[in-house]
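The values are calculated or read from the model by the stated rules, or taken from the named source; none is laboratory data. Bear in mind the structure is a predicted one, so any value in this text is a computation, not a measurement. Quick reminder, even Gly has a Cβ in these numbers, built from the backbone with ideal geometry, and neighbours come from all protein chains shown. Surface accessibility is based on the protein's heavy atoms, side chains included, excluding ligands, DNA and RNA. Shrake-Rupley method; radii C 1.70, N 1.55, O 1.52, S 1.80 Å.
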Amino acid sequence: MTRAVRLGAGFLLLAALAASLACQRSSGSSQPNHKLIILGIDGMDPQLLKQFTREGKMPNFARLAEQGSFRQLTTSIPPQSPVAWSNLITGMNAGGHGIFDFIHRDPKTMELYFSASRVEGPKHAIHLGNWVIPLGGGTAEQLRQGTAFWQILDQHGVPNSIFRMPSNFPPVPAKGQTLSGMGTPDLRGTYGTFSFYTDDPTAAAGAVEGGQIIPVQVESSQVAANLIGPDNTFHKGSPPASEPFKVSVDPLEAVARVAVQGQEFVLREGEWSDWVRIEFQLIPFFGNVKGMCRFYLKQAHPRFQLYVSPINIDPADPALPISTPSTYSRMLTDEVGEFHTQGIAEDTKALSDGVLDDKEYLKQSHRVLAEHRKIFDAEFPKFKQGVFFFYFSSLDLNSHMLWRLMDPKHPEYDAAAAAQNGGAIAEFYQQIDQVLGEVLPRLDQDTTLLVLSDHGFAPFYRSFNLNTWLLNNGYIKLKGDVGPDSNEPLANVDWTQTRAYGLGLNGLYLNLRGREPNGIVTPGAEEDALTKKIKADLLDVRDTKSGLPVITRVDVASEVYQGQYARSGPDMIVGYNRGYRAGWKTILGAFPPDVLEDNTNPWSGDHCMDYTLVPGVLLSNRKITAETPALTDIAPTILAEFGIAKAQGMMGQSVFQSQPAPH
Ligand SMILES: [Zn+2]
């Protein structure tokens, strides 16, 4: 693809403004004043970028594509963000860095865990869900393997700052400033648990998918409730730590006053508080953990409805390491104010659970981007030398949640809702274009710019329940005496008769002898034959509703992964057709009754599909010589910019590397 973007009539004007844009440099430069800027835009899709550019909404991207280069960027197998960013970070695929999915399983116990990190402490420790907060000398362990490109830059004395890189929690030791991103938990050790307090008797009390609905009473216009903190293992049974708060609801006006830990503030209906610092006392005067949250008064009357955001790690006094140097997050807070530290800061779950509506979710989501732009605006002007990387999450999370508003073919499309917020995704793209607009004037002969995404995007119309399909096709057998309804992963599976199972968004595992506790498939010929059979069967699956193939690609781990962890993940990676994705329940090892279902969740766009269908983007102010650049080329590209040879195990090569002349 030589010219990926068609430009509108405004281009000539833009071209005249483009004089400052750097032209082609010789590659492999190692001048001391060389600079490399990388904007990492999670989920930026090449088709949407072209569309919004055609519509004149992305003038800075149009300019960059015209003056420099624009390519599709081959994503990871599978195209999930933790995997994809790990490919970029290490220059290796999942076989080398060991991150195969959001969710991994321990083959010995079949327990599920988040793939990115684990926190462990010595004797005195505070458990956070499945995590542990060490008091003092404990350690937080990152599960991603391999060396990060910035650690190699450090070894060669190239200064660098890496902001909000996914799959980097806790941040690996680094000489420069780094701030952790996706994969950073909230204070409860989850990827974000909201609380919703209401006196509405029709609201289902208890845990919903992404949070907790907490029933309260309004008595004499007063509400007394508790904020829920991390599990307190110093108490028997490890009940979660909690801190009381009070709300006085004005009997006439739609206003309430919130009082918590000596802080008081008034919220009008529909108003968000600023960040509120909360200290959870675990052992008086000794074990305190600091966090922060935001309150949102959804309704004062007739029903009381108060949303409290997930409790974020306080960057001014982090309970777990979120930056290098460790004092950096505090210094940053001093400069720009508080900001979301939780890895996935957009409260997608509150929208999915119906606790926030589109408008409320969008407001929260815009706040997240505003905070990140504030950090960018504070840090980017300080960049003088070496490498500057900055990550933006907005396009990914908002394309997930709002796709249904711009696609009439989506089962959740609603014309009225679309009329209200159908332009929301485009608006987030435009904000990213504004960020690029701040960068372009800073480019000179010594500066290379890379703008890239980890994967693209597609609609998510229908869910495929892989485990139900495996069950219906005889690959899984259940114990006869119990039903398949359970929250426990793969509950009731008769492992002595089960040959394969699905876990995670794209993972398919064989029940392998010597690996799984009751493995029955013998490695070698039997394994190969079964792999072939399942692959062929999956590629044959058709959606009776549309007639379309549901799965367009199945990759076999031993054929696509290189490195020492190549056999630690799934045996096959299921690549769904555009419009299809694994169902929410099958991901966690459950068996919904239907193999295929309409996706009626607001989470309406996705990318965990056939990786060839959802490439990312790669733009540069320089000429990209690679015809089909991949995420694994980025680390070698970064190193080559500073004359550093790629590290052992890195698969790709610089995207600027000129091809050898034919003889
Ligand atoms: Zn995503």
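Considering each of Gly291, Gly229, Gly192 in turn, give the residue that is under 29 Å from the mean Cα position of the chain (by Cα), within 28 Å of Leu397 (Cβ to Cβ) and not in a strand (DSSP E or B). Write out each step before concluding.
Working: Gly291 fails: not in a strand (DSSP E or B); Gly229 fails: not in a strand (DSSP E or B).
Going through Gly291, Gly229, Gly192 in turn, the sole match is Gly192.
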Q | Elements of type helices (runs of 4 or more DSSP H) in the range 553-663, at least 1 residues being within 16 Å of the ligand (Cβ to nearest atom) | A | 584-587
Q) Of the numbered conditions (1) free of Cβ contacts under 8 Å to residues at least 12 places away in the same chain; (2) within 15 Å of Asp186 (Cβ to Cβ), Ile344 satisfies every one except a single condition; which is it? A) (1)
Q: Tell me which of these Leu596 doesn't satisfy, since it passes every other one: (1) touching a strand residue (DSSP E or B) at 6+ places or on another chain (Cβ under 7 Å); (2) open to solvent by 50 Å² or more (accessible area, probe 1.4 Å); (3) over 24 Å from Asp528 (Cβ atoms).
A: (2)
Q. Among the residues of the range 398-420, is there at least one that is among the small types (Gly, Ala, Ser), within 16 Å of the ligand (Cβ to nearest atom) and either touching a Lys or Arg at 6+ places or on another chain (Cβ under 6 Å) or in contact (Cβ under 8 Å) with a residue 40 or more places away in the chain (or both)?
A. yes
(Q) As an exercise: evaluate Glu335 against (1) surrounded by fewer than 17 Cβ atoms within 10 Å (Cβ to Cβ); (2) in a loop (DSSP other than H, G, I, E, B); (3) in contact with a helix residue (DSSP H, G or I) (Cβ under 7 Å, 6 or more places away or on another chain) and give the number of the one condition it does not meet. (A) (2)
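Would the range 399-420 turn up any residue that is small (Gly, Ala, Ser), at pLDDT below 95 and open to solvent by 10 Å² or more (accessible area, probe 1.4 Å)? Reasoning before the result, please.
Taking the range 399-420 and keeping what is small (Gly, Ala, Ser), we get 399, 415-419.
Right, trim to at pLDDT below 95 and you get none.
No, the range 399-420 has no match at all.
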Q. Do we find that Leu530 is open to solvent by less than 20 Å² (accessible area, probe 1.4 Å) and either more than 17 Å from Asp594 (Cα to Cα) or modelled with pLDDT of 95 or more (or both) in this structure?
A. yes
Q: Inspect all residues belonging to the range 63-80 and state whether any of them is part of a helix (DSSP H, G or I), within 16 Å of the ligand (Cβ to nearest atom) and on the phi < 0 side of the Ramachandran plot.
A: no
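If you take the residues in the range 459-469 that are among the polar types (S, T, N, Q) and buried (at least 24 other Cβ atoms within 10 Å of the Cβ), which one is farthest from the ligand (Cβ to nearest atom)?
Initial filter on the range 459-469 (among the polar types (S, T, N, Q)): 463, 465, 467-468.
Subset that is buried (at least 24 other Cβ atoms within 10 Å of the Cβ): 463, 465, 467.
Values: Ser463: 16, Asn465: 20, Asn467: 22 Å.
Filtering the range 459-469 for residues that are among the polar types (S, T, N, Q) and buried (at least 24 other Cβ atoms within 10 Å of the Cβ), the one farthest from the ligand (Cβ to nearest atom) comes out as Asn467.
Here's the yes/no breakdown for (1) open to solvent by less than 50 Å² (accessible area, probe 1.4 Å); (2) not in a strand (DSSP E or B):
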position	(1), (2)
Leu252	no, yes
Leu297	yes, no
Pro315	yes, yes
Ser326	no, yes
Q | Subset of the range 533-552 that is outside any strand (DSSP E or B) and of a type in the set (S, T, N, Q) - its residue that is most open to solvent (accessible area, probe 1.4 Å) | A | Thr544
Q: Answer yes if at least one residue in the range 439-456 is more than 30 Å from Ile37 (Cα to Cα) and either touching a residue at least 12 places away in the same chain (Cβ under 8 Å) or of a type in the set (A, V, I, L, M) (or both), and no otherwise.
A: no
(Q) Being under 21 Å from the mean Cα position of the chain (by Cα), farther than 25 Å from His34 by Cβ and either open to solvent by 10 Å² or more (accessible area, probe 1.4 Å) or without any contact (Cβ under 8 Å) to a residue 60 or more places away in the chain (or both) is the filter here; which residues of the range 604-639 pass it? (A) Asp610, Tyr611, Thr612, Leu613, Pro615
Q | Members of the range 425-458 that are within 16 Å of the ligand (Cβ to nearest atom) and either in a helix (DSSP H, G or I) or open to solvent by 10 Å² or more (accessible area, probe 1.4 Å) (or both) | A | Ile425, Phe428, Tyr429, Ile432
**Q.** Tally of residues being over 23 Å from the mean Cα position of the chain (by Cα) and part of a helix (DSSP H, G or I) across the range 387-417
**A.** 3
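Look through Glu360, Glu371 and report the one residue that is in a helix (DSSP H, G or I), open to solvent by 10 Å² or more (accessible area, probe 1.4 Å) and touching a His at 6+ places or on another chain (Cβ under 8 Å). Please lay out each step first, then the result.
Details: Glu360 fails: touching a His at 6+ places or on another chain (Cβ under 8 Å).
Result of the check over Glu360, Glu371: Glu371.
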Q.
Looking at Phe388, Phe383, can you tell me which residue is open to solvent by less than 20 Å² (accessible area, probe 1.4 Å), out of contact with any Ser or Thr (no Cβ under 6 Å at 6 or more places or on another chain) and farther than 19 Å from Phe52 by Cβ?
A. Phe383
Q. Does any residue of the range 488-502 turn out to be assigned to a helix (DSSP H, G or I) and buried (at least 22 other Cβ atoms within 10 Å of the Cβ)?
A. no
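So that you can scan it fast, the table gives a plain yes or no per residue for (1) among the acidic types (Asp, Glu); (2) out of contact with any Lys or Arg (no Cβ under 8 Å at 6 or more places or on another chain); (3) surrounded by 24 or more Cβ atoms within 10 Å (Cβ to Cβ); (4) under 27 Å from Pro240 (Cα atoms):
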site	(1), (2), (3), (4)
Gln145	no, yes, no, no
Arg164	no, yes, yes, no
Phe169	no, yes, yes, yes
Pro173	no, yes, no, no
Gly176	no, yes, no, no
Leu179	no, no, yes, no
Pro185	no, yes, yes, yes
Arg188	no, yes, no, yes
Q | Criterion violated by Arg499 - all others in (1) modelled with pLDDT under 95; (2) farther than 21 Å from Arg581 by Cα; (3) not β-branched (Val, Ile, Thr) satisfied | A | (1)
